[in-house]
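Data first, discussion second: the structure below is written as structure tokens.
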Amino acid sequence: MKSIIIILAFALAMISTSWAQSSKSFIREGNEKFKAQQYEEAEVKYRKALEVAPDYRATFNLGDALYKNEQYADAISKFSDIISQKPDKATTSNAYHNLGNAYYKSEDFEKSIAAYKNALKLNPKDNDTRHNLEMARRMLQQQQQQQQNKSDQKDDKDQDGDKDQDKQDGNKDKNQQQKNNQQNQQGQNDKQKDEQQNKDGEQGQEQQGQEQKQNKQNKQKSEISKEDAERILEALKNEEQNVQKKVLKKREQRRPSEKNW
């Protein structure tokens with residue numbers, strides 16, 4: 001029974017040793033790929049090392065490979081994992097330094113500055129971190145200035161837009177006023193035209209009435225004249241007959257006497 005237990009313990013020790021050696025082997029292979037700037041291949045080796053056994057060194061190097069492959073979000077995640085594991089002081093300081101670099105590349109300069117400061121708290125003599133901190137501060141200042149300029153330009157554009165809108169509204173009101181004036185003028189013209197037409201109509205009716213009255217008078221006059229003419233004609237006729245009678249009578253008196261043969 002004891003022999004079986006010894007054999008099992010020995011086997012587990014051998015397996016554990018094999019896993020440890022395999023993890024370290026993958027890390028070494030990954031480091032070789034990293035030095036050759038074959039960062040994608042290095043990333044694969046480091047991941048395999050972590051599949052065999054958790055190791056903050058493999059995690060740290062994986063973060064570096066991801067950073068070189070410009071996968072900054074994933075690199076930030078790996079460096080943050082290392083910091084949360086609270087390894088030795090030097091490793092934690094280096095993890096903060098690389099975390100600051102990943103935030104810097106992501107243009108998140110505020111978080112980059114915070115990471116560099118944490119790295120300097122653990123290692124105040126790290127001149128590289130101090131240099132990167134100053135760079136991040138300048139970039140943050142520049143970024144804020146650019147954002148302010150964009151905000152000012154937007155405000156100016158909005159103001160110009162408001163001015164243009166006010167101008168358009170003013171022109172619109174002016175055009176509307178002109179239109180209203182034209183309509184009022186047209187209304188007055190139409191009113192004057194209607195009044196003139198009514199006046200002309202009244203004058204026309206009055207004139208027509210006068211003409212009708214005159215025609216009636218002329219007609220009546222014409223009719224009276226006709227009657228008078230008939231009476232005159234009749235009188236003349238009668239007078240002519242009287243005259244003819246008188247002439248005949250005078251002729252009879254002047255006629256020579258007849259001779260009896």
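In the set (1) over 38 Å from the mean Cα position of the chain (by Cα); (2) at negative phi; (3) not assigned by TED's automatic domain parsing to the domain that holds N31, the condition left unmet by Y56 is number (3).
The set of residues from the stretch 25-55 being surrounded by fewer than 17 Cβ atoms within 10 Å (Cβ to Cβ) and among the hydroxyl-bearing types (S, T, Y) comprises just one member, S25.
The values are calculated or read from the model by the stated rules, or taken from the named source; none is laboratory data. In this text, all values refer to a predicted model and were calculated from it rather than measured experimentally. Cβ coordinates were reconstructed from backbone atoms using ideal geometry, including for glycine residues, and neighbour counts include every protein chain displayed.
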